[in-house]
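The structure appears below as structure tokens.
The values are calculated or read from the model by the stated rules, or taken from the named source; none is laboratory data. A quick note: this is a predicted structure, and the numbers were derived from the prediction, not measured. Backbone-built Cβ (ideal geometry, glycine too); neighbour counts: all protein chains shown. The area values use the complete protein model at the heavy-atom level, side chains included, leaving out ligands, DNA and RNA. Shrake-Rupley method; radii C 1.70, N 1.55, O 1.52, S 1.80 Å.
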Amino acid sequence: MEIQHVIHHHPLSFIEERSTITDCQGCWRNLSGPAYGCERCGYFIYKSCLDEHKAEVQSFFHPCPLTISTADTCAHCFVCFKYIISNFFYRCKLSCRFEMHVECALKPMVEYSDEESTIQHFTHLHPLKLVDSNQKDEVICSICEEPCSSSSSSTYGCMECKFFLHKSCMKSFPRQLINHRIHPCTLIFISYPYRENACDCCGERIVSRMKYSCGACDLNLHVKCALFPTIDSEVAKEIQHFSHPHTLALVQNDEEYSSEPRCVACAHICLASAPTFRCSRSCDHFFLHKSCYVKLPYNSVNFKHPFHPKHLLTITSLPYNDHIRTCDACFRGIDSTFLAYSCRESECKFNLHLDCYNQRSSITFRGHQHLLTLLEKTPDVTCHLCGVNYRNFVLRYVPCDINIHLQCLPSAPKIIKHKSHLHPLILTKSPFEYELNSYEEEDEFYCDVCEEKRNQRELIYYCAECKFITEVKCVLAEVLSLISKDESFEREILKDNITKMEIRKWHVENLQQKYIKLHERREELEAKMKELKGELDDVTKEIETTKDLLGIITPSG
């Protein structure tokens, strides 16, 4: 007879007697009587040990089902915070990583009434008793983190554990949060014994031993951060936003707009007509439109992006007045006063502009294995096909640092029809020699569609009959639609004799040049650091000398 039990991942066979010396995985006594076992894993357990523990229970202290388990290492109980040294314990069936003693999981709950001045609450193992009004001055509510004396609400607490809660906080305290603004998954309340977690909202350590957590995404929030009023509340004067460690207060004084602050999300000037929140403390640069708050995506904390598959990204404020960061997609600088996507690994330094997060549609190129993403603007980037530096509409795969100009694709349409002009337009370089040979900065060459200055060395779409010129960006929709419909893609690649080997060769050469430049830059920085270290040593020595002199001439006592 075989059974499938949650305590082991393989079926367990029933064993009447076992002659070889084996220990029971439940009580660690020598196995001699009726038992269940898995010969493949050498896992055996007394039938009595298995029968006396329920395979699955529901505890008052945790909303998810708990399953029985045995372990070789010591763990902590998430309710009483003591070591689990018994052979059995219960752990969350889902992804909460919640573990507890068998006796804590099966602890009978006693119903108390207000008349008895005692309440059993799921946040704490022991019953909470009404705190005398004279003691309220000395205690803090573990939910709202406010002094209990500052509230008219009654306070309940456990004097043994120094754990206290406002009655009003207890009544409004949910076991789980669904569709939370910070995270799309359900957040589960967990009391836990450890203190090393940092809040993924404010970045500070969680020391209260209580948090809201998503185990599947490894996301943890302070109780206060999770329960802080959000923008969804029409009357909220203060909110908590996951991108900033401090609370944000609604701007109610029009004089605060006199300095023309810019929104950290959209970079537009904040005006009195648009409701705006600002940092309630000393971060004078942090202003956020209410409308921008709503637009920021749910998956802004702990998510993977195709531009950076190695680590998780989060949307955050970069360190203010830090050295200039660069967007790893478009290579443009990121102003530290604005929000950006940043790698959670501090040593990685990977960053993205908000507008580089949602890119235009990606395009397949047979000379490269990955999809190439169209970036509208970059600083000078060398194309792997033509070797020329352009700034507009570069197809790029960030992890490989490969770049191809849109108009250099073999499948880029050579002739298009566009509503901006009556005749067909041909893809070509400038037909005017004086344009191609001009290196004067004051010379200006214009697009006939947008009437703005253009780079005379970029390929254009041109009508020879009318001398009509348009940049690729002004006919982009037509170009992209024709690329996606092109069925002669393979023929174009063969015709232009572009092979994967050539792409790889160009890529290697480009990376070698980049490596040389980075190495030279590192040597410059190391020399500067050496110079600064010498200056620092001189200042430190001077400080010590001055200190010694002060000790000599200043009378003691």
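A single member of C185, C158, C144 is open to solvent by less than 60 Å² (accessible area, probe 1.4 Å) and either assigned by the TED database to the domain that holds S243 or in contact with a helix residue (DSSP H, G or I) (Cβ under 8 Å, 6 or more places away or on another chain) (or both), and it is C144.
Residues in the range 366-400 that are of a type in the set (D, E, K, R), within 27 Å of the chain's Cα centre (by Cα) and either loosely packed, with under 14 Cβ neighbours inside 10 Å or modelled with pLDDT of 75 or more (or both): R396 alone. The conditions of being surrounded by fewer than 18 Cβ atoms within 10 Å (Cβ to Cβ), part of a strand (DSSP E or B) and among the charged types (D, E, K, R) are not met by K107.
Return yes or no: is S411 in a loop (DSSP other than H, G, I, E, B), in contact with a helix residue (DSSP H, G or I) (Cβ under 8 Å, 6 or more places away or on another chain) and under 25 Å from K453 (Cβ atoms)? So S411 does not fit the description; no. Looking at the range 235-267 only, could you name the residues that are open to solvent by 20 Å² or more (accessible area, probe 1.4 Å), assigned to a loop (DSSP other than H, G, I, E, B) and touching a His at 6+ places or on another chain (Cβ under 8 Å)? Of everything in the range 235-267, those that are open to solvent by 20 Å² or more (accessible area, probe 1.4 Å), assigned to a loop (DSSP other than H, G, I, E, B) and touching a His at 6+ places or on another chain (Cβ under 8 Å) turn out to be A265, C266.
Looking only at the range 282-327, residues that are closer than 13 Å to L250 by Cα and modelled with pLDDT under 80 come to 1 in all.
Restricting E17, E39 to residues that are open to solvent by 20 Å² or more (accessible area, probe 1.4 Å), of a type in the set (D, E, K, R), in contact with a Gly (Cβ under 8 Å, 6 or more places away or on another chain) and not assigned by the TED database to the domain that holds H126 narrows the list to E17.
Restricting the range 268-281 to residues that are among the small types (G, A, S) and open to solvent by 40 Å² or more (accessible area, probe 1.4 Å) leaves a set whose member that is nearest to H244 (Cα to Cα) is S280.
Suppose we filter the range 68-86 for residues that are in contact with a Cys (Cβ under 8 Å, 6 or more places away or on another chain) and crowded, with 17+ Cβ neighbours inside 10 Å; how many remain? Can you show your working first?
So in the range 68-86, the residues in contact with a Cys (Cβ under 8 Å, 6 or more places away or on another chain) come out as 77, 79-80, 83-85.
From what's left, crowded, with 17+ Cβ neighbours inside 10 Å: 77, 79-80, 84.
Of the residues in that region, 4 qualify.
Pairs are defined by a Cβ separation below 8 Å, a sequence spacing of at least 6 or placement on different chains, a first member in the range 220-240 that is at pLDDT below 80, and a second member that is among the small types (G, A, S) and part of a helix (DSSP H, G or I); no pair meets this definition.
When you scan the range 331-339, do you find a residue that is at pLDDT 75 or above, on the phi > 0 side of the Ramachandran plot, assigned to a loop (DSSP other than H, G, I, E, B) and under 16 Å from the mean Cα position of the chain (by Cα), even just one? Checked the range 331-339: no residue is at pLDDT 75 or above, on the phi > 0 side of the Ramachandran plot, assigned to a loop (DSSP other than H, G, I, E, B) and under 16 Å from the mean Cα position of the chain (by Cα).
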